[in-house]
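Worksheet for the structure shown next.
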Amino acid sequence: MNVISVPVTPFAGQRPGTSGLRKKVAVFRERGYVEAFVQSLFDALPEAVGHGVAGQTLVLGGDGRFFNDQAIQTIIRMAAANGVARLLVGRDGILSTPATSAVIRGRQAFGGIILSASHNPGGPDGDFGIKYNATNGGPAPEHVTEAIYRRTQTITTYRIAEAGDVPLDTIASMKIGAMELSVIDPVAEYAALMERIFDFDRLRDLLRGGFRLRFDALHAVTGPYAREIFERRLGAAPGSAVNADPLPDFGGHHPDPNPTYAADLITAITTPGGPDLGAASDGDGDRNMVVTPSNGIAGGAVGPSDSLAMLAANAHLIPWFKDGLPGVARSMPTSRAVDRVAAKLGIECFETPTGWKYFGNLLDAGRIRLCGEESAGTGADHVREKDGVWAVLFWLNVIAARGESAASIVTDHWARYGRDFYMRHDYDAIETERANRLIERLRGQVSSLPGTRFGDFEVSEVDDFAYHDPIDGSTTAHQGIRVGFANGARIVYRLSGTGTEGATLRVYLERYEPDAAQHAVPVTTALAPLAAVSVALADIAGITGRDRPSVVA
Ligand code: VG1
Ligand code: CO
């Protein structure tokens, strides 16, 4: 094998965001772009984590989106050139994000590379992404991603093996120079892990006993996982997994499991006589949406913040959690529903910045075993990523153990803990300068806003969220503006770190309602006054020129 060093000039903007480096496919296709980033990753690791990839085992896979096949071949050649001893690649280049995490942990690999832009659209005009996961199976922490970024600014050459494309369509092992490359089944190890977590006998009884599930893989990575686990191992009726063939352009759809992009699923479940539970996952399989038929009070998509709280409250019903939870965590903009459960259980509850990487230390230290984000992400200590298929199995296991419908589990939870009405407004693709100006203005008002009234809402506290990691002592500042009101309502403003066009302003709204007689009120109605306050307080229309959000989630 011949290894060559190829000169390259640094590319601007190769800074990983909330979850890896994410750009338009056209940017990733620029000559040397993938190579410059991957070499920067390899170069940065010795100093950032104390050891480089030479002599190590790495895991490599992706969500199957457009350009996955080309990028993966480039990275295989670069891994060989950089001295990787063993490379485990998912068959056809496929590995969901949680499955990658499971394989890294299960095989005690050094780390892994995931090719995905997650819930962002794919295809030649869509998005692509690369993220690095560390030895614990989780997203590289910030000090590592920053080290990679610094290296991208000074890189001069990359190393690559002169070798042809490797066939990835059959399980096999081969040598590329000194590197051993093994093509692995992308599903098997993950499915085996799920069998250790949940009560598969009980789930089989449920699914063979007439309970109907509809799992929509949105033509993204989870199709093969859903077929194997729900249909083959658990006996759900064939066809319970729909849109289950991964497609490079996700069938032209947006692989984001929310009521806007998975509207068909909501209709299928909420139509009388429909399936008993609906579920969907995103591009790379780490997000989940759970949809329940209506019982007159609840019905439709379960809010992700609520879902986290409900899973926490029912965790003791799952074999994996039979000894209970030491603590839980949620990202800062996630509603405080889970805090109420933690208070009742008498366990710790942490508030972390947006992005899964901030849960890693807490999970590794055993301070928490369950965590989640408002953006349809829930996960636990079985891997170090949020996990879509796992969350659906969790719901099914709770339903089976309680012998109740999904909707009654939701309404029972609200009756017991009160309901945290919750909604997110996204203003997509606004000019970066305007978005920054809006946040800067709020930052400047942190001390002057308290005491200000907006109709019935009086501002009681404002801050620019900073997180102090209790495990490694690091501080992460400027994570979003939190505005608390005297009546307990809250608005959070922050800018997205995963978008690829201009800036996306995310506005998170929540209000607590203890009165069960009010729990059937539609969320948009319950939060309409607060939504109006969110626009006035930040002068959204004046600064961004937008009179309404692009997405309501
Ligand atoms: C968004 C979500 C965040 C999530 C991230 C990655 O980030 O808000 O909760 O962790 O996406 O999810 P941002 O910075 O755009 O708000 V995934 O499934 O796209 O990897
Ligand atoms: Co994702």
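The values are calculated or read from the model by the stated rules, or taken from the named source; none is laboratory data. Values in this document were obtained by computation on a predicted structure and should not be read as measured data. Positions of Cβ are generated from backbone atoms using ideal geometry, with glycine treated the same way; all protein chains shown enter the neighbour counts.
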What's the number of the only condition in (1) in contact with a strand residue (DSSP E or B) (Cβ under 9 Å, 6 or more places away or on another chain); (2) surrounded by fewer than 24 Cβ atoms within 10 Å (Cβ to Cβ) that Gly372 fails to meet?
(2)
Identify the residue in the stretch 353-369 that is under 14 Å from the mean Cα position of the chain (by Cα) and not small (Gly, Ala, Ser) and, among all such residues, is nearest to ligand 2 (Cβ to nearest atom).
Trp356
Would you check which residues across the stretch 83-110 are part of a loop (DSSP other than H, G, I, E, B), crowded, with 24+ Cβ neighbours inside 10 Å and not hydroxyl-bearing (Ser, Thr, Tyr) and list them?
Val84, Leu95
Step by step: first the residues of the stretch 489-537, then only those that are among the charged types (D, E, K, R) and either farther than 20 Å from Thr354 by Cβ or not in a strand (DSSP E or B) (or both), then the one that is farthest from ligand 2 (Cβ to nearest atom). Which residue is that?
Asp515
Counting just the residues of the stretch 111-144 that are of a type in the set (D, E, K, R) and surrounded by fewer than 24 Cβ atoms within 10 Å (Cβ to Cβ), which one comes out farthest from ligand 1 (Cβ to nearest atom)?
Asp125
Quick one: would you say Gly17 is more than 24 Å from Gly502 (Cα to Cα) and of a type in the set (Gly, Ala, Ser)?
no
Could you run through the stretch 357-396 and say how many residues are small (Gly, Ala, Ser), under 25 Å from Leu21 (Cβ atoms) and assigned to a helix (DSSP H, G or I)?
2
Matching residues in the stretch 160-179 (surrounded by 15 or more Cβ atoms within 10 Å (Cβ to Cβ) and either within 31 Å of the chain's Cα centre (by Cα) or without any contact (Cβ under 8 Å) to a residue 24 or more places away in the chain (or both)) number 2
Can you spot a residue in the stretch 286-306 that is more than 12 Å from ligand 1 (Cβ to nearest atom), acidic (Asp, Glu) and within 24 Å of the chain's Cα centre (by Cα)?
yes
Considering only the stretch 322-331, I want to know if a residue exists there that is within 22 Å of Gly418 (Cβ to Cβ) and within 16 Å of ligand 2 (Cβ to nearest atom).
yes
Going through the stretch 389-413 in order, the residues found to be in contact with a His (Cβ under 9 Å, 6 or more places away or on another chain) and either surrounded by fewer than 23 Cβ atoms within 10 Å (Cβ to Cβ) or not assigned by TED's automatic domain parsing to the domain that holds Leu311 (or both) are Thr411
